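The structure appears right after this line, and notes come after that.
Each value in this text was obtained by applying a stated rule to the coordinates, not by laboratory testing. All of these numbers come straight from a predicted model, not from anything done at the bench. Glycine also receives a Cβ, built like all others from the backbone with ideal geometry; neighbour counts cover every protein chain displayed.
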Amino acid sequence: MTVIRPNSISGVTSITAQVSDITIFGASSGFANITAGNISAAGTITYEDVTNVDSVGVITARSGIDVTSGNIALSSNGANVAITTAFDFKIRSNTAKFGLHIDNASGTPTLEFGIGGAQGADITTNSTGPIVFKPNNSERLRITHNGEIGIGGANYGTSGQVLTSQGASSAVQWATPSAGGAAAGNMFLAKMNGGYNTTNNTDGEIIFQAESFDLGSAYNHTNGRFTPNIAGYYFIDASLQFSTNSANNLFESTIWKNGTEQFKNRMWNDGANSELHCKISGIVTVNGSSDYISIAAWQNSGGNLTVNPGNGSYFTGFFLRSL
């Protein structure tokens, strides 16, 4: 072993030793170049800079390597850099507000961008290629430099489409929102082809045979019942045009739910021998399966009266919102 005592040597800028070990006692400042096998220092080795180092081998530290400023650059000459063992790698600033944490040593691989205070975190690329996310090594999401979002690859949807859930354990999909039917609730308008004969002092369920439109196919023109297939709140509106009579009597239009009265409008005829338009409206909740809504007529003229067809007699309803 060669022993060098710097305090006893002055003006020496380079030492080359053909020995296996050099032990330096005290500080080593003042030596510009030392070439040897192994070097151990009991004090502190101080140098200005180290450049053009081909390899430093393996660096082992008691409590990790802490980089508080500057940069760390990894280069593999175009080849892949692979880490096959468990590791915990952290880069942070001296204020601990910014950093990158890659952890494969705690059982669950983690990639963490440290954010402190009101600061944000950026994922930045300097090319026009997309950022691709591959859970379990399969592409699930990509974002292009134009801001397009691809689902399961380069599937960016078409103009007007929206992302829709496919339920648990299924990926979201691009889909065109529906303007009617089950996706938007039901909506319909029905009128009468022929009149409906009402009996004195008896409720009668009216059938509106002519459908002007029926989005969702929830109105049955054979029995006059509206059975929405989406649970929710529905606005219901109807009008009944009773035929002329000269008696002093009452008229009623009623909204039924499952055959039970929900709303009722009662009007009085003063015997002026005129037609009477009796309107009714309200908001009704339905379960989206068995609940149905219909319109009923009642009068106490002492005989039969007809609810006349035409624009004065109609039944309509539309979806407001889900339950």
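Each label was represented as a point 7 Å from its Cα along the Cα-to-Cβ direction; for D291 and N200 these points are 3.8 nm apart. Measuring r between the beta carbons of N193 and Y233 and using R0 = 45 Å, the FRET efficiency lands at 0.90.
A simple spin-label model places pseudo-atoms 7 Å from Cα toward Cβ; at T164 and K264 they are separated by 4.3 nm.
Report note on the peptides 253-259, 229-235, 153-159: ranked by the mean count of other C-beta atoms within 10 Å, highest first, their order is 253-259, 229-235, 153-159.
A Förster distance of 51 Å, applied to the separation of the beta-carbon atoms of A210 and V172, puts the FRET efficiency at 0.75.
Convert 37 °C to kelvin, take the viscosity as 0.692 mPa s, use the Kirkwood radius over C-alpha pairs of the stretch 182-321 as Rh, and evaluate the Stokes-Einstein diffusion coefficient in µm²/s, rounded to a whole number.
Details: Rh = 15.0 Å.
Translational D for this selection: 218 µm²/s.
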